[in-house]
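As structure tokens, the structure follows; a few thoughts come after it.
The values are calculated or read from the model by the stated rules, or taken from the named source; none is laboratory data. In this text the structure is predicted, and so the values were computed from the model without any measurement. Don't worry about glycine lacking a Cβ; one is built from the backbone with ideal geometry, like all the others, and counts go over all protein chains shown. Ligands, DNA and RNA are excluded from the accessible area calculation, which covers all protein heavy atoms including side chains. Shrake-Rupley method; radii C 1.70, N 1.55, O 1.52, S 1.80 Å.
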Amino acid sequence: MRLPAEPFRIKVVEPLRRVSREERERLIREAGLNIFAVPADSISVDLLTDSGTSAMSDRQWAGLMMGDESYAGSRNFFHFRDTVREIFGYPHVIPTHQGRMAENLLFSTVLKKGDVVPNNSHFDTTRANVEHQGAEARDLVIAEALDPVRHHPFKGNLDPVRLDRTLGELGRERVPLVMITITNNSGGGQPVSIANVREVRAVCDRHRVPLFFDACRFAENSWFIREREPGYANRSIREIARELFSYGDGCTMSAKKDGLVNIGGFLAMKNAEWAERITNLLILVEGFPTYGGLAGRDLEAMAIGLEEVLHEDYLAFRIGQVAHLGEMLEQAGVPIVKPVGGHAVYLDARAFLPHVPQSQYPGQALVVALYREFGIRAVEVGSLMFGHRDSQTGEMAYPQLELVRLAVPRRVYTTEHMRFVAESVIELYQQRDRLKGLRITYEAPVLRHFTARLEELSGAEAAAIR
Ligand code: F0G
């Protein structure tokens, strides 16, 4: 694969502090082997998330200076609203400060206790917001998605047969809406095809249930459709996005991803009655409908970012950069989730560290070593994040996939940074026998991965815990 050169040049630089191995060793130990507790200025390449970490363009920064901070009727709101209407095609546009607030407002308004929300895979905040209403978040992604090495061009697709069965059993009384996450973050940033969206739409129509998108990475998903789906090779990304959204009734959006901003989000929809109820709640908890928890300048940056993310040169480089990182790792035999998704490369920690059982957190052991040896920050998506005690048997239950996510911020790192990451991971892979399992010394009752503290096991302890 030939990666195009960066389709931008650098006007402002942010120096990275050089941190010695001794200092990193001390910092990660003080952090209780939890990468969330390491100060960000002690990290060389930060691949914790692609959310809110984009570099804005000169036009976006200029847009900040054009911020109209009027309490009501800011001109930036109208620019933002018209941009969203044009790209997404939904008439009612409600700004929020980030994605999870859009989710919270939507679910607070339309869900009741005992309801079920089907999705290909819920992102963790989406799941938490559904469950917060006493409803069930049900994942119906296709079976291929659960196999890390199985190739499928649209591994994010929702299984229409299981959806039909779910809607047949529960009816529209218990399922107020169906969601599709594009791209499917929890499944590795995998895209959803237009053909699948059409099928899901047909099932929803049969049961008269509305369809919403979790649209965070819609431009990346549209790019994959053009690359992989028959009949779309000559369509523009904007046209593909318009078609995709035309099959839905609305969306939630975290603009911290494909809005190319550091903060921002929105809800957009067709249903006027839902929009009115959500707006009333917005005023109570978030802000007036023409700013929704943001400054006018943030709305301007978001309006410009939503346009820029559709540029084809940008997307070719963006998707290419992530694919290139995956390719360098794969060529060296490092086990990764395939095919590589839009925003991240996922390491398969179980295959990487076969000598460390899931009860000893192999994914987290990898995250700790990547920081200690090379200053790189990745995030564990495995037994530390999802492991829990089964309420019935009392036994520990572990997720099927034990992954480490290397999420790539947009327009931030160069090809040389990616080469440094690849060479570091490969070096670690060559020394993988030296890595040891971990044990938790402190954990919070919910979302434990954010604040847990851990320690490394000695050889004898590791053998005893197995
Ligand atoms: N939906 C998806 C698919 C997401 O990936 C995220 C955030 C959200 C909703 C929530 O949006 O953060 O603006 O409130 N994902 C980030 C990540 C945090 O690292 O993957 P938010």
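Kindly state, to the nearest 0.05, the FRET efficiency for Arg238 paired with Val12, given R0 = 30 Å and r defined as their beta-carbon distance.
0.55
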* Could you work out the helix-only [θ] at 222 nm for the chain, with each DSSP H run of four or more residues adding -39,500 (n - 2.57) and the total divided by the number of residues, to the nearest 500 deg cm²/dmol? -> -12500 deg cm²/dmol
* Which far-off residues, 5 or more places away or on another chain, put their amide H under 5 Å from the one on Ile336, with H placed in the peptide plane? -> Asp348
* **Cβ-Cβ FRET estimate between Asp205 and Phe78, R0 fixed at 30 Å, reported to 0.05** => 0.35
* At R0 = 35 Å, FRET efficiency that the Cβ-Cβ distance of Ala351 and Asp390 yields, to 0.05 -> 0.90
* Cα lying deepest toward the dipole's positive end in the chain, options Ser20, Val110, Thr83, charges on Cβ -> Val110
* **Column: log10 I(q)/I(0), Debye, Cα scatterers of the chain, q = 0.08, 0.14 Å⁻¹** => -0.47, -1.45
* Would you please put 383-394, 85-96 in order of how densely packed they are, using the mean number of other Cβ atoms within 10 angstrom per residue and starting with the highest? => 85-96, 383-394
* Asked: With θ set to phi - 60° and the Karplus curve 6.51 cos²θ - 1.76 cosθ + 1.60, what are the ³J(HN,Hα) couplings of segment 147-157 in order, to the nearest whole Hz, using x for Gly and Pro?
  -> 9, x, 10, 6, 7, 7, x, 10, 6, x, 4
* Cα pair distances in segment 260-302, grouped into 10 Å bins until the bin that holds the longest one, percent each -> 27, 51, 22, 0
* To do: Under 1.5 on a/c is rounded, so check that first for segment 58-308, then, if it is not, pick prolate when a/b is larger than b/c and oblate when it is not; a ≥ b ≥ c are the square roots of the alpha carbon gyration tensor eigenvalues.
  => oblate
* Asked: Tell me which aspartates and glutamates have Cα within less than 20 Å of Lys436's Cα, excluding those fewer than 8 residues away on the same chain?
  -> Glu22, Glu25, Glu30, Asp348, Glu373, Glu380, Glu402, Glu427, Glu455, Glu456, Glu461
* Sort Trp61, Trp274 by accessible area with a 1.4 Å probe, largest first. => Trp61, Trp274
* **Enclosed volume per residue, in Å³, of the convex hull spanned by Cα atoms of segment 346-456** => 111
* **segment 58-308 - charge dipole about Cα centre, Lys and Arg +1 at Cβ, Asp and Glu -1, debye rounded to 20** => 380
* **Qualifying lysines (Cα of each under 26 Å from Cα of Lys155; at least 8 residues distant if same chain)** => Lys256, Lys257, Lys338
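Quick one: of the DSSP bridges fully inside the chain, what percent are antiparallel, nearest 5?
Rounded to the nearest five, the antiparallel share is 70 percent.
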* Structure fact -> About its Cα centre, segment 1-112 carries a charge dipole, from +1 on Lys and Arg Cβ atoms and -1 on Asp and Glu Cβ atoms, whose size in debye to the nearest 20 is 180
* **Karplus-derived 3J(HN,Hα), 6.51/-1.76/1.60, for each residue of segment 271-285, Hz, glycine and proline x** => 6, 5, 5, 4, 4, 5, 5, 5, 4, 5, 5, 3, 5, 5, 10
* **the chain, relative contact order [Cα under 8 Å, separation at least 6], %** => 23
* **Dipole of segment 58-308 [Lys/Arg +1, Asp/Glu -1 at C-beta], most positive-end residue of Thr96, Val141, Ala128** => Val141
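Place the peptides 224-234, 64-74, 416-426 in order of packing, highest mean first, counting for every residue the other Cβ atoms within 10 Å and averaging per peptide.
Ranked by mean Cβ neighbours within 10 Å, highest first: 416-426, 224-234, 64-74.
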* Listed residues Gly296, Gly231, Tyr413: farthest to the positive end of the dipole of the chain (Cβ charges) -> Gly231
* **In Å², nearest 10: area of Glu273 left accessible to a 1.4 Å probe** => 100
* To do: With only Lys, Arg, Asp and Glu charged, each at its Cβ (+1 for the first two, -1 for the last two), find how big the charge dipole of the chain is about the Cα centre; round to the nearest 20 debye.
  => 160
* Asked: Which whole-Hz ³J(HN,Hα) couplings does segment 442-458 yield from phi under the Karplus relation 6.51 cos²θ - 1.76 cosθ + 1.60, θ = phi - 60°, glycine and proline marked x?
  -> 8, 8, 7, x, 10, 6, 5, 4, 5, 10, 4, 10, 9, 9, 7, 8, 7
* Using the per-residue mean of other Cβ atoms lying within 10 Å as a proxy for protection, in what order, highest first, do the peptides 12-19, 431-438 fall? -> 431-438, 12-19
* Quick one: accessible area per residue over segment 40-100, 1.4 Å probe, rounded to a whole number of Å²? -> 44
